[in-house]
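Heads up, the thing below is written out as structure tokens.
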Amino acid sequence: MGTLRIIAGELRGRRIRIPDTASLRPTGERAREALFSILGEAIRGARVLDAYAGSGAFGIEALSRGAAEALFIEAEASAFEALTANVERLGLAGRARLVRGRVGEVSLAAEAFDVIFADPPYRGGERAPFLELAAGLLPPGGILVLEREGRATAVASERLQPYRSAVYGRCALDFYRRP
């Protein structure tokens, strides 16, 4: 089992455990640092969704940096187990909700999030459907960060405005805002 370091905030320097699972592709430290630099103060007090959460690196980092609460959704068993252990070990259970299931099958009808991060499988065609799902979960001004393979093109949306893209090695981050 590997680890990732929490970059900043109240949990700075603590480690998140990452299971050795071929389906997981943790967002690297450099990309996460840039992502949170771009988000800036938008994360403070925010309700955050970490979709396709894996070990929870994004949501845990957001909580460390002052997010009010986070919902983590993960379908893969060993990743969900590691996520659960990470949240408990770091004392975040009071501000985190964990749901085991596939993102498109989890009921989010009554939910609203200020910031959503999604790292769907690079292959599988889930980015475009997730983009439209996310548009319904964001209030005006809400932000979606969608990770993709660096060589792939960004997905367009009729309901969300893209405002920034950045490539970090093999991954790229696309930033969208709900007008």
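The values are calculated or read from the model by the stated rules, or taken from the named source; none is laboratory data. As the structure is a prediction and not an experimental result, all values here were calculated from the model. Heads up, the Cβs are rebuilt from the backbone with ideal geometry, glycines too, and the neighbour counts pull from every protein chain shown.
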- line: Listed by range, helices (runs of 4 or more DSSP H) wholly within segment 1-99 having at least 3 residues that are under 14 Å from Ala118 (Cα atoms) are 29-39, 57-64
- prompt: In segment 100-114, which residue that is touching a residue at least 12 places away in the same chain (Cβ under 8 Å) and not in a loop (DSSP other than H, G, I, E, B) is farthest from Phe58 (Cα to Cα)?
  reply: Gly104
- prompt: So is Glu111 surrounded by fewer than 16 Cβ atoms within 10 Å (Cβ to Cβ) and acidic (Asp, Glu) or not?
  reply: yes
field: Identity of the residue in segment 120-136, of a type outside the set (Lys, Arg) and in a loop (DSSP other than H, G, I, E, B), that ends up surrounded by the fewest Cβ atoms within 10 Å (Cβ to Cβ)
entry: Gly124
- prompt: Considering only residues of segment 137-157 that are surrounded by fewer than 16 Cβ atoms within 10 Å (Cβ to Cβ) and in contact with a Lys or Arg (Cβ under 9 Å, 6 or more places away or on another chain), which is nearest to Leu24 (Cα to Cα)?
  reply: Glu149
query: Taking the condition crowded, with 19+ Cβ neighbours inside 10 Å, under 16 Å from the mean Cα position of the chain (by Cα) and not in a strand (DSSP E or B), does Phe117 pass?
result: no
message: Is it the case, given these coordinates, that Arg15 is over 23 Å from Arg148 (Cβ atoms), surrounded by 13 or more Cβ atoms within 10 Å (Cβ to Cβ) and touching a strand residue (DSSP E or B) at 6+ places or on another chain (Cβ under 6 Å)?
response: yes
Every residue from segment 137-179 that is part of a loop (DSSP other than H, G, I, E, B) and touching a residue at least 40 places away in the same chain (Cβ under 8 Å): Leu137, Leu138, Gly169, Arg178
- prompt: Can you find a residue in segment 46-56 that is more than 29 Å from Arg123 (Cβ to Cβ), surrounded by fewer than 16 Cβ atoms within 10 Å (Cβ to Cβ) and at pLDDT 90 or above?
  reply: no
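Residues checked against (1) of a type in the set (Val, Ile, Thr); (2) touching a Phe, Trp or Tyr at 6+ places or on another chain (Cβ under 7 Å); (3) modelled with pLDDT of 95 or more:
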site	(1), (2), (3)
Arg30	no, yes, no
Leu39	no, no, yes
Gly91	no, no, yes
Arg95	no, no, yes
Leu98	no, yes, yes
Glu105	no, no, no
Glu111	no, no, no
Val115	yes, no, yes
Arg127	no, no, no
